[in-house]
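Read through the structure below, which is laid out as C-alpha cells, and then see the notes.
Bear in mind these aren't lab numbers, they're just calculated from the coordinates by the rules spelled out. Since this is a predicted model, take the numbers as computed values, not measurements. Note that each Cβ is placed from the backbone with ideal geometry, even for glycine, and that neighbours are counted across all protein chains shown.
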Amino acid sequence: MSLILTLVTVLLLVAGSAFALMGSIGLIRFPDMFSRMHAASKAGTVGSGLLLLAAGLHSADLSIFARALAGFFFFILTTPVSAHLLARAAHKAGYRLHPSSVADHLRQDSP
C-alpha cells in the first residue's frame, strides 16, 4: 500500500507542477491582462490544489489530509470568483482587450 500511496503522491506532484508551469507560460505568452489573469487563475488553482493534495497524502495522517482537502476546495471555490471580480474591475477602470480578442461581453454592462 505504501508504494501505491507514493505513486499517487508523485503523480499529483507532477500534475500540479505541470499545471503551475502552464500557468506561468500563459502569464508570459498571452497578449493582454485579461487572458493572463485567466491563465493564472485557472492553471494556478488546479496546480496549487493538486500540490496541496499531494502534501496531504504524503503526510499519511487523516487530520492533515482533511485540512489539505478543505484547502483544495477553498482554492476551487474562491480563486475563479476573485479573478472574475478583478477582471471586471479592471475592465471598468479602462483596461481594454487585445485587438485580436473576438468579443467584449462586458462592454454592454458599462456606461
Over the Cα atoms of the range 2-93, what radius of gyration and what Dmax do you get, in Å?
15.3, 53
Subtracting the Cα-Cα distance of L5 and R29 from 0.36 nm times their residue separation yields 5.0 nm
What's the extension gain from L86 to S101 if we count 0.36 nm per residue and subtract their Cα-Cα distance?
3.5 nm
For D61 and A15, what does the FRET efficiency come to when R0 = 22 Å and r is the distance between their Cβ atoms, rounded to the nearest 0.05?
0.50
Tell me the mean residue ellipticity at 222 nm calculated for the chain from its helices only (DSSP H runs of n ≥ 4, each -39500 (n - 2.57), averaged over every residue, nearest 500).
-28000 deg cm²/dmol
Short version: ³J(HN,Hα) in whole Hz for each residue of the range 59-69, in order, from phi by Karplus 6.51 cos²θ - 1.76 cosθ + 1.60 (θ = phi - 60°), x for Gly and Pro, what are they?
5, 6, 10, 5, 5, 5, 5, 5, 5, 5, 5
What order, most packed first, do the peptides 88-100, 12-24, 47-59 have when packing is the mean number of other Cβ atoms within 10 Å of each residue?
47-59, 12-24, 88-100
